[in-house]
Each structure stands twice: as C-alpha cells, then as structure tokens.
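Asks: Pasting a structure below so you can have a look.
Where a number appears in this text, it was derived from the coordinates with a stated rule and is not lab data. What you see is a predicted model; the values in this text were computed from it and never measured.
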Amino acid sequence: MRNALNTKLEMQAAEPLYKQVEKQIMNCLAEGEWIPGDRLPTESQLAERFGVAVLTVRAGIRDLVDSNILVRKQGSGTYVALHDRQRQRYQLV
C-alpha cells in the first residue's frame, strides 16, 4: 500500500485543483489507504498534504460526498461511505 504522505498537486495543470484533490482521494481509496468506515484526515491536514487551500479540499470532498463515496458527519469528520455488496457491484459496472 502506497501512502503518498506529501502528495503535491500540479498547480499549472489544466485540470482544476479541486478535481485533482478528488482524484488523489480516490487513488488513496483504491490503494486501501482508507477503507469503508474510516475517517479521513481533517480538511486542514489534507490541504497541507496536497499543498492547496482548505476550500479547495472542501470542494473536492463535496463532489465525493455528492457521489456517495464519502459521508460527512457534522462535528465528527468525513468518512468513507459504507456500501453493501450489491450496491458496490452496480457502482463498479
């Protein structure tokens, strides 16, 4: 399992930074760094890790929440969503 602890994003890339954040989080999920039910690091910690502003991280997380990949729990943090097997199968198709 790769843990890109200080993964800096491409500031000059054509792709918006928040989309790069979204992809990096998805890569971490795919590599097993975080599994369903895990709490993600705080937005501030992710911002430091990726070298971007907290608002940029928040925008990337928002898209993943809207896609039901992550779940926000007020006062607790952001978590990897739990899905049953059947739902996972349909999401992967």
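Asks: Can you tell me how much longer the chain between LEU82 and GLU48 gets when fully stretched, taken as 0.36 nm per residue apart minus their C-alpha distance, in nm with one decimal?
Replies: Working it through step by step, the gained length comes to 9.6 nm.
Asks: Taking the alpha-carbon distance from LYS8 and a cut-off under 18 Å, which aspartates and glutamates remain once sequence neighbours fewer than 8 residues away in the same chain are dropped?
Replies: Those aspartates and glutamates meeting the cut-off are GLU22, GLU31, GLU33, GLU43, GLU48.
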